[in-house]
């Protein structure tokens with residue numbers, strides 16, 4: 001397994017590219033489907049957290065700071081860490097432009113430089129799927145959080161499994177791509193249990209592959225088809241990505 005300090009792993013090298021940092025938001029959240037993803041993400045975070053004002057929140061793998069800025073605008077005291085100075089530079093510019101206060105710091109999700117239970121809530125989006133040692137990252141999220149951890153992952157029960165396997169084959173053949181992993185709900189629940197956390201709330205976004213929605217590029221088509229699939233019960237089984245909120249177990 002690649003060690004966290006090994007910067008050759010794509011999760012470090014890809015995001016250290018200044019072009020990647022400049023174009024990340026447009027590629028992830030641009031267009032009608034990207035805007036839908038961003039809006040859903042904001043709504044889910046708000047629902048999971050509840051009262052945001054004055055809460056101390058750590059955003060791990062903040063990237064260009066989208067979630068951190070959203071939470072700070074809601075009145076949270078936000079610290080945001082990322083392993084890429086290039087991504088943090090974009091995040092700091094955005095914070096300055098929006099006159100929003102966030103404490104952005106260089107840091108590694110595998111070894112967070114904070115004491116146990118330093119924050120009310122720890123948030124980490126699009127990190128576990130790429131991290132060299134996802135279990136260590138999750139353990140660190142749980143360690144520094146007093147109450148809640150919120151993170152997302154692509155489900156192994158969804159079309160993301162095929163997409164992930166395809167990317168792994170391409171990367172093994174020498175291609176340049178982010179060969180992310182997928183997870184089962186059981187694997188995630190077991191890892192949380194080892195850190196003294198249990199699942200509280202779950203949100204699943206799409207049944208059809210998000211790549212298909214992006215190709216079609218119609219918000220109306222996406223909302224219509226996904227609503228039908230939800231009504232017939234497929235979202236609960238095959239929905240992905242999964243955003244999950246877990247809470248620290250209180251000893252009886």
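Set the Cα radius of gyration of region 1-155 against 2.2 N^0.38 Å, with N its number of residues, and you get 0.97. Once you keep just the Cα pairs under 8 angstrom separated by 6 or more residues, what percentage relative contact order results for the chain? Dividing the mean separation by the residue count of the chain yields 18 percent. Per residue of the chain, the DSSP helices (runs of n ≥ 4 H) give a summed -39500 (n - 2.57) that works out to -14000 deg cm²/dmol at 222 nm. For the residues 232, 100, 242, a GNM of the chain with alpha-carbon springs under 10 Å puts the largest fluctuation on 232. Each Cα pair under 8 Å and six or more residues apart adds its separation to the average, and for region 85-176 the resulting relative contact order is 25 percent. Largest GNM mean-square fluctuation among 77, 101, 115, using the chain with Cα springs under 10 Å: 115.
Give me the extension gain from residue 223 to residue 26: residue separation times 0.36 nm, minus the current Cα-Cα distance, reported in nm with one decimal. Full extension from residue 223 to residue 26 adds 68.8 nm.
Ranked by how many other Cβ atoms sit within 10 Å of their own Cβ, fewest first, the residues 116, 82 fall in the order 116, 82.
Mean-square fluctuations from a GNM of the chain, with a 10 angstrom spring cutoff on Cα atoms, peak among 169, 123, 60 at 169.
Taking 7 Å steps out from each Cα toward its Cβ at residue 13 and residue 199 produces label points 3.5 nm apart. At 0.692 mPa s and 37 °C, plugging the Kirkwood radius over alpha-carbon pairs of region 94-252 into Stokes-Einstein gives what diffusion coefficient in µm²/s? The estimated diffusion coefficient comes to 188 µm²/s. Spin-label pair residue 113-residue 184: with each label point 7 Å from Cα along the Cα-Cβ axis, the two points sit 3.9 nm from one another. In plain terms, the chain from residue 89 to residue 56 could stretch by 9.6 nm, reckoned as 0.36 nm per residue minus the Cα-Cα distance. For region 127-252, the relative contact order comes to 37 percent (Cα pairs under 8 Å, sequence separation of at least 6).
Each label point was placed 7 Å from the Cα along the Cα-to-Cβ direction; for residue 211 and residue 73 their separation is 3.1 nm.
Bear in mind these aren't lab numbers, they're just calculated from the coordinates by the rules spelled out. Model, not experiment: these values are computed from the prediction. Methodologically, a virtual Cβ is constructed for each residue, glycine included, from the backbone with ideal geometry; neighbour enumeration extends over all protein chains shown.
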